[in-house]
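Below is one structure, written out as structure tokens, with a few remarks after it.
The values are calculated or read from the model by the stated rules, or taken from the named source; none is laboratory data. Just so you know, these numbers come straight off a predicted model, no measurement behind them. Cβ placement follows ideal geometry from the backbone for every residue including glycine, while neighbour counts extend to all protein chains displayed.
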Amino acid sequence: MKPNKVLMLADDLGIGDIGCYGNNTISTPNIDQLAKEGVKLTQHIAAASLCTPSRAAFLTGRYPIRSGMASSNTYRALLWNAGSGGLPANETTFAQLLKQQGYTTGLVGKWHQGVNCHSVSDYCHHPLNHGFDYFYGMPFTLVNECQDNKPSNLYRDLQDDLWFYTELIFLAVFSVLTGKITGLTPVRWKATLCFALFGFLFFASWYSSFGFVQHWNCIMMRNYNVTEQPMKLERTTSLMLQEAVSFIQRNKKGPFLLIVSFLHVHIPLFLTERFLRKSKHGSYGDSVEEMDWLVGQILDTIDKEGLRNNTFTYFASDHGGHLEAQEGTIQQGGWNGIYKGGKGMGGWEGGIRVPGILRWPGMLRANSVVDEPTSLMDIYPTVADLAGAALPQDRIIDGKNLLPLLQHKVSHSDHEFMFHYCGSYLHAVRWHQKDNGALWKAHYVTPIFSSETSGACYGKGICPCFGEGVTHHDPPLLFDLSRDPSEVMPLSPANEPLFHAVLERIDKAVDEHRKTLTPVPQQMSVRNRMWKAWLQPCCGTFPFCWCDNKEDGTHTQTVN
């Protein structure tokens, strides 16, 4: 019988936030128990240090640069539900492969891979058009606008978009005044365009200044329908848990694939009363402990339904903890243990080395550890193999099947080289030299940041990938991660006899890798990432989008 798959993905969780990875200030008994019952990966690597590209790589088994989900501009993640960028329709997710093998597929939680392309109802990037039979969750991601009394994350970007549209209208007015537009009388054109210009500016300034961005991005959907606009954070946790539990119960005869994509522990941190001020690590620790409880509830459901032995279970984070997430002097982001850097910080380990835990009773050895390079992209060929699905032959799949490594049939990972991108810029490369156990890592570019613990990147917000906010290294910074996992002691020809030979081999691998890349449309180009009113999911009459239909068509039950 084909095993069920329950894949749980945290948001912005640091590898050092979990007990089984060394944390002694936050209680994570359920995740720790999962590790005791399964396999813990110590070198589990995300394909990007930011949400959108990392999740695209997870779903497709491919570096995000291959699908156009890696950006060459400053916008490295999708910014709006009403943008036109997203996971391209010609990409094949592992959900599609499993659906073809008879699996019922569901996604509960965060998506952040786009919604529409050309119209408000084409849903070209929507989960249901990427292999999922059922979706309940947030098509975007948490931002400060989703919680009252928080500083805006997106207001400046919206103002930039509005100014762009304003310029277009001014150009149209100018064209009328200079006689370059015909078809209507000059008086009618002038009146119409001037009215549109001033009406648009008045509306946009009023609408955005009162925080109505919340109604555009902070929404919940069930399949194609908006159910909450704006979402009610105080009940989001319970609703998502109910949906995950209900999906398992409805499909317990299997086989099924369920991805639970937590909104925890992305800022703004939201908590139910029972976990408020519970941890020793403030609101962030409380959020981690609430997420751990959610993991426990899902695992208990699997057990209660008699599915334990026939369910392949996985837990990971999409990338490292967000060092720069602060509220005043209070840290709101995660801890990446001994590893340098964090979310958005190029190829530093802290942004890409994440927890990875897998359980499949009777098939994977309990309480075992794999200390070999693995990737979130590896889940793609692994679950495909478990489902009896063939991998697509018309494209490169960068992930490797984990089963031989997890079952200790082989000693080494199939990954020899791993390429660490920041947007579409190659920042670092690791080389796993299997014959002697060395794990080399060369940094060609690194972001400038002033603090190992709080980030403090050049400028504001997430660290940039290029420009004045990065340092180019020639020769590259070289580390042996097997001896220096914290990346604090760069090697040189003086202290490493193999220095030049290692860099020469890595450079050759980079050349070979680049030959496999083909140009594709950038999904986060300025044109694609901009807010477009005609693509805005809306429950009601745009722009006054509002609804609260949490009971409409849902399958829920009370969870104690």
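Within segment 389-426, if we keep just the residues that are polar (S, T, N, Q) and surrounded by 18 or more Cβ atoms within 10 Å (Cβ to Cβ), the residue that is farthest from the chain's Cα centre (by Cα) turns out to be SER413. Only residues that are in contact with a strand residue (DSSP E or B) (Cβ under 7 Å, 6 or more places away or on another chain), on the phi < 0 side of the Ramachandran plot and not β-branched (Val, Ile, Thr) were counted in segment 267-298, giving 2. Picking from residues in segment 13-33 that are surrounded by 24 or more Cβ atoms within 10 Å (Cβ to Cβ) and touching a Ser or Thr at 6+ places or on another chain (Cβ under 7 Å), the one that is nearest to LEU142 (Cα to Cα) is LEU13.
Cβ-Cβ distances below 6 Å connect the following pairs, each with a first residue in segment 124-147 that is under 18 Å from GLY85 (Cβ atoms), a second residue that is of a type in the set (S, T, N, Q) and not in a loop (DSSP other than H, G, I, E, B), and a separation of six or more residues or different chains: PHE140/ASN217.
Does segment 542-555 contain any residue that is modelled with pLDDT of 95 or more, part of a loop (DSSP other than H, G, I, E, B) and among the small types (Gly, Ala, Ser)? Before you say what the answer is, go through the steps one by one.
Step one: of segment 542-555, the residues modelled with pLDDT of 95 or more are none.
Within segment 542-555, not a single residue is modelled with pLDDT of 95 or more, part of a loop (DSSP other than H, G, I, E, B) and among the small types (Gly, Ala, Ser).
One line per residue, one yes/no per condition, for (1) among the hydroxyl-bearing types (Ser, Thr, Tyr); (2) in contact with a strand residue (DSSP E or B) (Cβ under 8 Å, 6 or more places away or on another chain); (3) touching a residue at least 12 places away in the same chain (Cβ under 8 Å); (4) under 27 Å from ASN336 (Cβ atoms):
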| position | (1), (2), (3), (4) |
| --- | --- |
| PRO464 | no, yes, yes, yes |
| PRO475 | no, no, yes, yes |
| VAL502 | no, yes, yes, yes |
| ASP507 | no, no, no, no |
| THR516 | yes, no, yes, no |
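Looking at segment 373-392 only, could you name the residues that are farther than 20 Å from HIS513 by Cβ and not in a helix (DSSP H, G or I)? The answer is GLY388, ALA389, ALA390.
Flag: ILE397 matches the condition of being in a loop (DSSP other than H, G, I, E, B) and under 25 Å from GLU349 (Cα atoms).
When restricted to residues that are farther than 18 Å from LEU481 by Cα and either buried (at least 20 other Cβ atoms within 10 Å of the Cβ) or of a type outside the set (A, V, I, L, M, F, W, C) (or both), segment 328-363 contains 16. Would you confirm whether or not segment 63-82 contains a residue that is in contact with a strand residue (DSSP E or B) (Cβ under 9 Å, 6 or more places away or on another chain), of a type in the set (Lys, Arg) and either in a loop (DSSP other than H, G, I, E, B) or outside the structural domain of GLY337 (by TED's automatic domain parsing) (or both)? Yes - at least one qualifying residue is present in segment 63-82.
Checked against (1) part of a helix (DSSP H, G or I); (2) under 13 Å from VAL6 (Cβ atoms); (3) touching a residue at least 12 places away in the same chain (Cβ under 8 Å); (4) not β-branched (Val, Ile, Thr), TYR314 passes all but condition (1).
Considering only residues that are part of a strand (DSSP E or B) and in contact with a helix residue (DSSP H, G or I) (Cβ under 8 Å, 6 or more places away or on another chain), look in segment 418-432 and name the one that is farthest from ARG66 (Cα to Cα).
Step one: of segment 418-432, the residues part of a strand (DSSP E or B) are 418-422, 425-432.
This time we only want the ones that are in contact with a helix residue (DSSP H, G or I) (Cβ under 8 Å, 6 or more places away or on another chain), so: 419-421, 426, 429, 431.
On the way: PHE419: 12, HIS420: 13, TYR421: 12, LEU426: 13, VAL429: 17, TRP431: 21 Å.
The extreme case among them is TRP431.
Scanning segment 464-518 for residues that are in a helix (DSSP H, G or I), surrounded by 14 or more Cβ atoms within 10 Å (Cβ to Cβ) and in contact with a Gly (Cβ under 9 Å, 6 or more places away or on another chain) turns up just one, GLY469.
Just to check your reading of the model, which residue among ASN223, ASN251, ASN217 is buried (at least 19 other Cβ atoms within 10 Å of the Cβ) and in contact with a Phe, Trp or Tyr (Cβ under 8 Å, 6 or more places away or on another chain)?
Numbers: ASN223 fails: buried (at least 19 other Cβ atoms within 10 Å of the Cβ); ASN251 fails: in contact with a Phe, Trp or Tyr (Cβ under 8 Å, 6 or more places away or on another chain).
The match here is ASN217.
GLN101 fulfils the conditions (1) in contact with a Lys or Arg (Cβ under 9 Å, 6 or more places away or on another chain); (2) within 25 Å of GLY344 (Cα to Cα) except for a single criterion, (2).
Within segment 242-265, can one find any residue that is assigned to a helix (DSSP H, G or I), charged (D, E, K, R) and modelled with pLDDT under 95? Taking every residue of segment 242-265 in turn, none turns out to be assigned to a helix (DSSP H, G or I), charged (D, E, K, R) and modelled with pLDDT under 95. Taken over segment 268-309, residues that are closer than 30 Å to ASN4 by Cβ, outside any loop (DSSP other than H, G, I, E, B) and either touching a residue at least 60 places away in the same chain (Cβ under 8 Å) or not assigned by TED's automatic domain parsing to the domain that holds ARG359 (or both) amount to 11.
Taking the criterion of being under 28 Å from CYS422 (Cα atoms), in contact with a strand residue (DSSP E or B) (Cβ under 9 Å, 6 or more places away or on another chain) and surrounded by fewer than 20 Cβ atoms within 10 Å (Cβ to Cβ), would at least one residue in segment 132-139 satisfy it? Even if it seems obvious, please write down each step before you answer.
Step one: filter segment 132-139 for residues under 28 Å from CYS422 (Cα atoms), giving 137-139.
Now restrict to residues that are in contact with a strand residue (DSSP E or B) (Cβ under 9 Å, 6 or more places away or on another chain): 137-139.
Those still in the list that are surrounded by fewer than 20 Cβ atoms within 10 Å (Cβ to Cβ) too: none.
No, every residue in segment 132-139 fails to be under 28 Å from CYS422 (Cα atoms), in contact with a strand residue (DSSP E or B) (Cβ under 9 Å, 6 or more places away or on another chain) and surrounded by fewer than 20 Cβ atoms within 10 Å (Cβ to Cβ).
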